[in-house]
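Notes to accompany the following structure.
Here, each number is a calculation from the coordinates, and none is a lab measurement. Not measured: the values here are computed from a predicted model. Cβ: placed from backbone, ideal geometry, glycine included. Neighbour counts: every protein chain shown.
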Amino acid sequence: MLRQSLLLGVAGMAFAGASAAQQRGQSRDDLLDALTRHIQICGELTDTQSRLACYDRLQTQVGGVTAPAQPTPTPLQAQPAAPPPQAPPPTMMGSSGSSISATPLSPQPLGVPGGGAATLGSGGAGSPLPATQDPDAAFDPRTAGYRPPDSMGPRPQPQLRRTGPRPVPNFSTPQPLVTLGASNLTYGDSRYWQVSVTLTSNTRNPINTQAECTFMNAGRPVSTDYLGPIMIQPGEQITTELIGPPTTSYIDSSNCKVVSP
């Protein structure tokens, strides 16, 4: 009877020791899991102070931390659509295959060599153009815009273009015996200034006539040249170029008039 009691006591003690050992093993595993989780949570903290405090709590409180909240994803904002690129102006293809833009071009201003025009004078000496502030500046080669060539041909001898006699209309008002038209102050290949002049007879009788043109620079006469005397028939019209000075002279205008009859 005593032997059975001893065996039961030893068995009970053995069972109790096994149960305590099993509980100690489970406690160590749980502590290791908690420690690992604690370190993982501390590493996920982004704030430096919070992360250091988390590590400090490993010595006193394991597992007493919470994982940082995950940031809520921000929805993407729709970007405004870029404006469509403007189409270039339409182009047209020429016969040679080159493209021609439809954009209108600004016309270049038309100019006359010398920069002036022929004017008509009255029966007197004619009204000169107003002079510039410095009349000598027009003759300064350093400030003049035109540079004549070194070579110059002989003085031209233009032909007269005549219509011959024509009927004279019955004018309602008195008319001069001969009228003059002058235009196109320019120069030719021979490098002489010239003006296109037209003489028209308004009488039923042949008559001698003469015209003159004064070539000027800044309102100052440079040269005066003549057409005629020449016989003009009744109602006839005569057209020619009245030749002036060579282009070595700086000319910007001319004044023409009938001096006879």
**Complete:** Of every Cα-Cα pair in the stretch 204-261, the percentage lying beyond 19 Å is 37
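Which order do the peptides 170-177, 189-196 come out in when sorted by mean C-beta neighbours inside 10 angstrom, highest first?
Values: 170-177: 8.5, 189-196: 18.5.
For the peptides 170-177, 189-196, the packing ranking is 189-196, 170-177.
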**Message:** Under the 0.36 nm per residue contour assumption, what length would be gained going from the current alpha-carbon distance of Ser50 and Ser183 to full extension?
**Reply:** 37.9 nm
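Can you pull the percent of Cα pairs in the stretch 141-261 with separation above 19 Å?
Numbers: 3709 of 7260 pairs.
Roughly 51 percent, rounded to a whole number.
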**Item:** Counted charge near Ile230, where neighbours are those whose Cβ lies closer than 15 Å (Asp, Glu -1; Lys, Arg +1)
**Value:** -2
**Message:** Explain nothing, just the number: relative contact order of the stretch 186-251, from Cα pairs under 8 Å at least 6 residues apart, as a whole percent.
**Reply:** 44
